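The values are calculated or read from the model by the stated rules, or taken from the named source; none is laboratory data. Keep in mind that this is a model prediction, so the values were computed, not measured. Here the Cβ positions follow ideal geometry from the backbone for every residue, glycine too, while neighbour counts run over all protein chains shown.
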Amino acid sequence: MQKRLEGKIAVVTGAGSGIGRAIVEQYVAEGAKVVAFSRNAAPLEELRKISPENITVVPGDVTNVDDLKRLVKETVAVHGGVDILVPNAGIARVVSFEDSDASAFATQFSVNLFGAAETVRLFLPHIRKGGSVQFITTFLTQVGFPGLAVYSASKAALKSLSQTLAAELAPRGIRVNSIAPGPIGTPLWGTVGLPADVLGQVAEKINARLMPGGFGDPADIAGTSVFLASDAAKNIYGQEIVVDGGYTIG
């Protein structure tokens with residue numbers, strides 16, 4: 001197997017499950033050493049066991065600045081710097097617009113936008129020239145979905161941040177892009193706040209618009225992430241790559 005990330009140091013937040021975990025696994029398979037960050041320590045420890053010599057785990061919450069500072073400190077202490085940064089941690093909640101008060105906005109923006117932005121800001125002095133920053137947005141920046149106004153707005157803001165940072169950080173030799181997953185089979189779907197029967201009905205409607213006929217796999221996003229982090233993507237700046245099984249063209 002070609003080691004496209006040989007010698008690279010990566011940091012991935014939200015690494016305990018789903019897309020984050022898949023990214024960590026593929027990065028290690030491609031030769032990178034990874035620092036994995038997540039609120040839940042137990043899944044992190046299971047992840048570390050996959051490759052103890054290549055995976056360092058740090059438990060913490062992206063909405064807690066002290067936790068993020070500890071992540072930076074421990075990463076720099078072990079590896080000296082960072083080549084790839086993926087602030088993947090995110091949450092989604094179904095909330096009608098009528099109920100989308102300031103608290104509803106704060107809950108999702110604190111993780112999806114501010115947590116991601118602060119992760120990059122604190123790591124910025126330690127990202128090496130030639131580095132890659134990848135934000136995880138959503139296909140919902142291109143289509144509307146009832147009940148997800150707050151979630152979609154937080155990710156649209158993240159998309160805009162990515163594009164602006166691409167221009168701002170390019171002179172420092174840092175590439176910034178984003179990946180927009182479509183419907184992906186991850187634990188996130190079970191946390192949006194819908195009853196199981198309603199969730200099943202929504203999934204059925206979504207499947208009808210997907211070219212493969214079903215949800216994608218976290219590995220699909222991880223493969224795109226590996227590409228963006230590799231030298232093959234050295235001329236890609238400020239782009240949002242949509243990996244959605246064709247949902248947005250259907």
- [ ] Quickly run through the stretch 150-164 and pick out the residues that are buried (at least 19 other Cβ atoms within 10 Å of the Cβ) and over 16 Å from the mean Cα position of the chain (by Cα).
- [x] VAL150
TODO: Could you identify the single residue in VAL82, VAL78, VAL133, VAL86 that is surrounded by fewer than 17 Cβ atoms within 10 Å (Cβ to Cβ), touching a residue at least 24 places away in the same chain (Cβ under 8 Å) and aliphatic (A, V, I, L, M)?
DONE: VAL78
- [ ] Sort out which residues of the stretch 212-246 are of a type in the set (Ser, Thr, Tyr), touching a helix residue (DSSP H, G or I) at 6+ places or on another chain (Cβ under 9 Å) and either in a loop (DSSP other than H, G, I, E, B) or surrounded by fewer than 20 Cβ atoms within 10 Å (Cβ to Cβ) (or both), and write them in order of number.
- [x] TYR237
- [ ] Taking the residues in the stretch 97-111 that are of a type in the set (S, T, N, Q) and surrounded by 11 or more Cβ atoms within 10 Å (Cβ to Cβ) as candidates, determine which candidate is farthest from PRO87 (Cα to Cα).
- [x] SER100
Task: Residues being touching a residue at least 40 places away in the same chain (Cβ under 8 Å) and either on the phi > 0 side of the Ramachandran plot or of a type in the set (A, V, I, L, M) (or both) - total across the stretch 100-123 - done: 7
Open item on the list: Please determine whether any residue of the stretch 11-32 is basic (Lys, Arg), surrounded by fewer than 23 Cβ atoms within 10 Å (Cβ to Cβ) and touching a residue at least 12 places away in the same chain (Cβ under 8 Å).
Closed with: no
Open item on the list: Exactly one condition in (1) at pLDDT below 95; (2) within 23 Å of GLY147 (Cβ to Cβ); (3) under 20 Å from the mean Cα position of the chain (by Cα) is false for GLU240; which is it?
Closed with: (1)
- [ ] Output the number of residues of the stretch 96-141 satisfying the condition of being closer than 25 Å to THR248 by Cα and assigned to a strand (DSSP E or B).
- [x] 4
Task: Options SER17, SER51, SER38: the member that is out of contact with any Ser or Thr (no Cβ under 6 Å at 6 or more places or on another chain), more than 21 Å from ASN64 (Cα to Cα) and of a type in the set (S, T, N, Q) - done: SER51
